[in-house]
1. Return the residues of segment A:172-210 that are free of Cβ contacts under 8 Å to residues at least 40 places away in the same chain and outside any helix (DSSP H, G or I); say none if nothing qualifies.
2. Kindly indicate whether B:Y23 is within 30 Å of A:P383 (Cα to Cα) and within 14 Å of another protein chain (Cβ to nearest Cβ).
3. Of the residues in segment B:22-51, how many are modelled with pLDDT under 85 and of a type in the set (S, T, Y)?
4. Name the single residue, out of those in segment A:385-411 being within 12 Å of another protein chain (Cβ to nearest Cβ) and assigned to a loop (DSSP other than H, G, I, E, B), that is nearest to A:I310 (Cα to Cα).
5. Which numbered condition in (1) of a type outside the set (A, V, I, L, M, F, W, C); (2) at positive phi; (3) in contact (Cβ under 8 Å) with a residue 24 or more places away in the chain is the only one that B:S88 fails?
6. Quick one: is A:L324 among the aliphatic types (A, V, I, L, M), away from every other protein chain (no Cβ under 14 Å) and surrounded by fewer than 18 Cβ atoms within 10 Å (Cβ to Cβ)?
7. Looking at segment A:276-301, which of its residues are part of a helix (DSSP H, G or I) and at pLDDT 85 or above?
8. Can you list the strands (runs of 3 or more DSSP E) found entirely within segment B:30-118 that contain at least 2 residues being more than 14 Å from chain A (Cβ to nearest Cβ) and small (G, A, S)?
Amino acid sequence: MSSINKMMNQLQRFDTAVAQQRYFRAIRDTLTLLFPFVLVGAFINVLNQAVFSKNGFFNHIYYLSHWIPGFKLWSQYTTMLSISVNDLIAVIAAFAVANFVVRSTNRDNLLAGLTSALCFVMLNFNFDFFSDQEDANGSQFLEGNLGSQGIFLAILVGLLTGWIFSKLAFKPHDHQLIESRTHLLQRAKNNMLPIILSLLIFSAIGFGISFVSPMGLNGIFYAAFKLPFNKISHIMITIFLATLLSNLFWLIGIIGPISFSGNGSVSTVQNLQYAIQHGSAWGAPNPITIHTVYDAFANVGGPGMTLALIIAILWQSRNQDFRLVAKTSWLPAIFNFNQPLLVGLPILYSPLLAVPFLLAPMASMVITWVALKLSWMPPVAYPIYRTMPGFLMGWLGTGGDWRALLVSVINLAVATAIYLPFILINNRIVTGGADHEA
Amino acid sequence: MKRNWWRWLIGLVVLVAVCWPAYNWSRTNIKTLKDAGRTRMAPVIMVPGSSASQNRFDSLIKELGKETPQKHSVLKLTVATDGSIKYSGSIKRNDYEPFIVVGFENNKDGKANIDKQAVWLNTAFKALVKTYRFNHFRAMGHSNGGLIWTLFLERYLKESPKVTIDRFMTIASPYNMESTSSTPTTSMYKELYKYRDGLPSSLTMYSIAGTENYTSDGTVPYNSVNAGKYIFQNQVKHFTEVTVTGANTTHSDLPQNKQIVALIRQYLLEENVPNKIRKQNQRRLQGQ
């Protein structure tokens, strides 16, 4: 027990040490800076995807599209909001990281941030734009990579741009309350070299990458999921590896790959067909798939079982920052949008919270797997949707089987128990020492 | 403390307000999916009685076609004694509820023949499923045709496990052959009774009896039709017996009898019939 305690303490110390490092601080500050936008974005997503969407949870259960006037217009309006707020968040991140890095070295942080944002967008240029084919994708940028899934790349660009500015802008930046044209031109002159160099470097990288991956650098990250996982003999190991990799990606800010694998895969369709023909999900041909195990039972509150984290924080945390984030983020988390937690606490780049973030879904998957193997409950065969509250997915996906609901509740309880010790460790720094916990 | 109590209550109310409709939605959704899993093609398969050819239902089909909004195309099959099938007529491309009449080369009366005819019906049925790829259908049998269907449903439908029957209607089918006795004893009845466990438990079934006088329709005794209740009751989901009297109620007139046509439209084809017919049928069901 004491060795575990020791390890936990070391983890906490590591976490604190990391947080004091200059570049890491820039990352953490950036994430916190993003929090209000991501929070608003998450609420917009709840409106857009859980309420005003064909497959939205509230639309399903209250038949909203039948009686809310202008349902389609609401849907369009919230989609506009969602795309504008959520799908450009990484550009802000690129700006903020470079800004924070350069500010700590007393150089021109505003110009560095702007340069970084430009460079990040440039890395996501859509080279399909040059294609002569008729069906060429007409957009100029890979918009999909500018949202939360681009945060990792944005951070890299921001750090590198920030480093270039810290090294190459020789004159320190003197902040003036009232800007004059002369001073602004002076700033341009002083920073011309890092601006041009940054643009050159990133344009070269982007151009080079286009020959390898048409979907930019993010395309290369996602290629990892095409690794031959399925050659592994045991299906649970495949599922474990795939979800571990996905959750690792989430932790570093590549948010998206398999957050929810959906109802489309062949095995899922076969299960559905079986359940429809036999009137029950018992004995479905593919009881253990990433859909029946991970989507339905290890995704409560989004990847990482983050609803459990919220419960743990609201229950035991004395860290007022944590409490504030949890109090504002629980509603979207019920519908599996956990991005506010990822950037608010932050979970991203936090060694302390990364451990339970990876462990909790694993534990849930093991429990689910055992329950399925021992036939305690039928597998999830009926369609479930992304915005269904996570703890109801098993219940609704089995056509209302109470044992599946019980397994979901057990999973949530176990995940909370996994998060709890890490919240208690975090309490120690807040209260200033390990006096009574040990 | 008081404030906390309220919070828990509100939380509970919200939870119920979400879970209850969610559960209902999931049941409805499953039902919708189930219906979507059924093929659009759902033929109405008819089997005529003994000594009648595959053309037996022509006047009925004509009668049905007079008022029905949707025209049904007609396919006729004749199964030879060796199991080979002759086809006439055709199913139109956009007709998802065609009429298919299955007749037999050997269409003689008697238990031994009816047993054989049930096997031939199975042959024809499998060929139809293979060709037209339907997974549900409606069945109608006149006279001994009803017995052939019943035998088929009891013993042979399970050979096509993916196919289910939606509705089944027999018109003047003598479950106890020509016997007028009210206690069924014939060997035909005994066979039908013996295999009754094989009837699909979800079946909705209508047995129509015609009566010229108080005892028969001139050919089939009312008691023999009535014996069907011993076979179907407590085996299928719904079993309804209807008695039709009045003009054109002799045995061979029954299929084109206006009242029976009305019953077929409402209960077998589940058409959206006019209120007049609906009321008339209602009276008949209650009046028996």
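The values are calculated or read from the model by the stated rules, or taken from the named source; none is laboratory data. Here the structure is a predicted model, which means the values were calculated and not measured. Cβ sites come from the backbone with ideal geometry, for glycine too, and all protein chains shown count toward neighbours.
1. A:D174, A:H175, A:Q176, A:L177, A:I178, A:E179, A:S180
2. On the way: within 30 Å of A:P383 (Cα to Cα): yes; within 14 Å of another protein chain (Cβ to nearest Cβ): yes.
It is true that B:Y23 is within 30 Å of A:P383 (Cα to Cα) and within 14 Å of another protein chain (Cβ to nearest Cβ).
3. Going through segment B:22-51 one residue at a time, the tally reaches 4.
4. A:P389
5. Exception for B:S88: condition (2).
6. Values: among the aliphatic types (A, V, I, L, M): yes; away from every other protein chain (no Cβ under 14 Å): yes; surrounded by fewer than 18 Cβ atoms within 10 Å (Cβ to Cβ): yes.
So A:L324 passes the test.
7. Of the residues in segment A:276-301, the ones part of a helix (DSSP H, G or I) are A:276-278, A:290-297.
A:I290, A:H291, A:T292, A:V293, A:Y294, A:D295, A:A296, A:F297, listed by residue number.
8. On the way: elements: B:44-47, B:74-79, B:85-89, B:99-104.
Those strands (runs of 3 or more DSSP E) span B:85-89.
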